[in-house]
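Novice: Let me begin by handing over the structure; questions about it come next.
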Amino acid sequence: KKLRASKAISHLIGSVSLTAITIREKAIERAIQARQEGWGPDRILLMVSTSESHHRKNSGLSLDDYWKMAEKYIPMAQAAGLKVNGTVSTIWGCPIEGPTKMEKAIEFAQRWFAIGANDVEHADHDGSASPDRVYKYYSMLLDKIPRPEKQIVHFHTTRGWGLANVLAALQAGMT
């Protein structure tokens, strides 16, 4: 609330898009209310993991229940003037279950768009992605969803591969 009213930075906020991470219903409801009151975020982020156990640990819901929740809240958020980001996590592996299928992440990205997300973030949440697998994933993704402007890459440098992964994503066609 104070961020948009701050004399020190309010003049800079107009060119910045604020995103609130809203994993569960209460956070989404608070973001909608704040937006309606004129001080909330411009965008909210909802997140699924390709790993059921990681997803449940992160959100407290099964994937099926989370998708139902997202389908309910995305139209409500958009009606309030919020953009919605759907994030896919554990694309390149899960710290709980181990290897994951990249194809499942692409299916999840398609589902985010089908239920109304404005864009999709592809998150290397723990830095486990390697450049060769990043290139393969984004190549597969752009074959299925040829809209790089609607996709967001998210990397960490946990293993020192962050910049190499950015290059691999660019080489695959991400912009």
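Novice: Inside the stretch 123-140, can you point out the residues that are within 24 Å of ILE21 (Cα to Cα) and either of a type in the set (D, E, K, R) or assigned to a loop (DSSP other than H, G, I, E, B) (or both)?
Specialist: Within the stretch 123-140, ASP124, HIS125, ASP126, GLY127, SER128, ALA129 qualify.
Novice: Based on this model, can you work out whether SER53 counts as in contact with an Asp or Glu (Cβ under 7 Å, 6 or more places away or on another chain) and closer than 30 Å to TRP161 by Cβ? Steps first, answer last, please.
Specialist: Numbers: in contact with an Asp or Glu (Cβ under 7 Å, 6 or more places away or on another chain): yes; closer than 30 Å to TRP161 by Cβ: yes.
Judged against the criteria, SER53 is a match.
Novice: Restricted to the stretch 137-149, and to residues that are over 19 Å from THR50 (Cβ atoms) and open to solvent by 60 Å² or more (accessible area, probe 1.4 Å), which residue is farthest from the chain's Cα centre (by Cα)? Steps first, please.
Specialist: Taking the stretch 137-149 and keeping what is over 19 Å from THR50 (Cβ atoms), we get 146-149.
So of that shortlist, the ones also open to solvent by 60 Å² or more (accessible area, probe 1.4 Å) come out as 146-147, 149.
On the way: PRO146: 18, ARG147: 16, GLU149: 14 Å.
Per the stated criteria, the residue is PRO146.
Novice: On to the next question. Would you pick out the residues in the stretch 31-64 that are exposed (fewer than 14 other Cβ atoms within 10 Å of the Cβ), free of Cβ contacts under 8 Å to residues at least 40 places away in the same chain and assigned to a helix (DSSP H, G or I)?
Specialist: GLN33, LYS57, ASP64 - these are the residues of the stretch 31-64 that are exposed (fewer than 14 other Cβ atoms within 10 Å of the Cβ), free of Cβ contacts under 8 Å to residues at least 40 places away in the same chain and assigned to a helix (DSSP H, G or I).
Novice: Residue by residue through the stretch 111-122, note down the ones that are assigned to a helix (DSSP H, G or I), in contact with a helix residue (DSSP H, G or I) (Cβ under 9 Å, 6 or more places away or on another chain) and either without any contact (Cβ under 8 Å) to a residue 24 or more places away in the chain or open to solvent by less than 10 Å² (accessible area, probe 1.4 Å) (or both). Before the answer, list the steps.
Specialist: Our first condition is that a residue be assigned to a helix (DSSP H, G or I); within the stretch 111-122, this holds for 111-114.
Pick out the ones that are also in contact with a helix residue (DSSP H, G or I) (Cβ under 9 Å, 6 or more places away or on another chain) and you get 111-113.
Residue satisfying the conditions is TRP112 alone.
Novice: Which of the residues belonging to the stretch 74-110 are among the charged types (D, E, K, R) and open to solvent by less than 20 Å² (accessible area, probe 1.4 Å)? Steps first, please.
Specialist: Narrowing the stretch 74-110 to residues among the charged types (D, E, K, R): 83, 97, 101, 103-104, 107.
Residues satisfying the conditions do not exist here.
Novice: Do we have any residue at all in the stretch 22-30 that's in contact (Cβ under 8 Å) with a residue 12 or more places away in the chain, crowded, with 17+ Cβ neighbours inside 10 Å and hydroxyl-bearing (Ser, Thr, Tyr)?
Specialist: Yes, the conditions are met somewhere in the stretch 22-30.
Novice: For ILE23, state whether it is of a type outside the set (D, E, K, R), under 22 Å from GLY116 (Cα atoms) and outside any loop (DSSP other than H, G, I, E, B).
Specialist: Working: of a type outside the set (D, E, K, R): yes; under 22 Å from GLY116 (Cα atoms): yes; outside any loop (DSSP other than H, G, I, E, B): no.
Here the answer is no, as ILE23 does not meet what is asked.
Novice: Also: Open to solvent by 90 Å² or more (accessible area, probe 1.4 Å), over 26 Å from TYR73 (Cβ atoms), without any contact (Cβ under 8 Å) to a residue 60 or more places away in the chain and of a type in the set (Asp, Glu): is that true of ASP126 in this structure? Outline the logic, then answer.
Specialist: Values: open to solvent by 90 Å² or more (accessible area, probe 1.4 Å): no; over 26 Å from TYR73 (Cβ atoms): yes; without any contact (Cβ under 8 Å) to a residue 60 or more places away in the chain: yes; of a type in the set (Asp, Glu): yes.
The answer is no for ASP126.
Novice: Just to be sure I understand, how many residues within the stretch 125-150 are touching a helix residue (DSSP H, G or I) at 6+ places or on another chain (Cβ under 7 Å) and under 27 Å from GLU71 (Cα atoms)?
Specialist: Total meeting the criteria: 8.
Novice: Which one is farthest from LEU63 (Cα to Cα), of the residues in the stretch 10-21 that are open to solvent by less than 60 Å² (accessible area, probe 1.4 Å) and without any contact (Cβ under 8 Å) to a residue 24 or more places away in the chain?
Specialist: Out of the qualifying residues, it is SER10.
The values are calculated or read from the model by the stated rules, or taken from the named source; none is laboratory data. Treat the numbers as computed from the prediction; the structure is a model and nothing was measured. All Cβ positions, glycine included, derive from the backbone under ideal geometry; neighbour counts span all protein chains shown. Note: areas computed on protein heavy atoms with side chains; ligands, DNA, RNA excluded. Shrake-Rupley method; radii C 1.70, N 1.55, O 1.52, S 1.80 Å.
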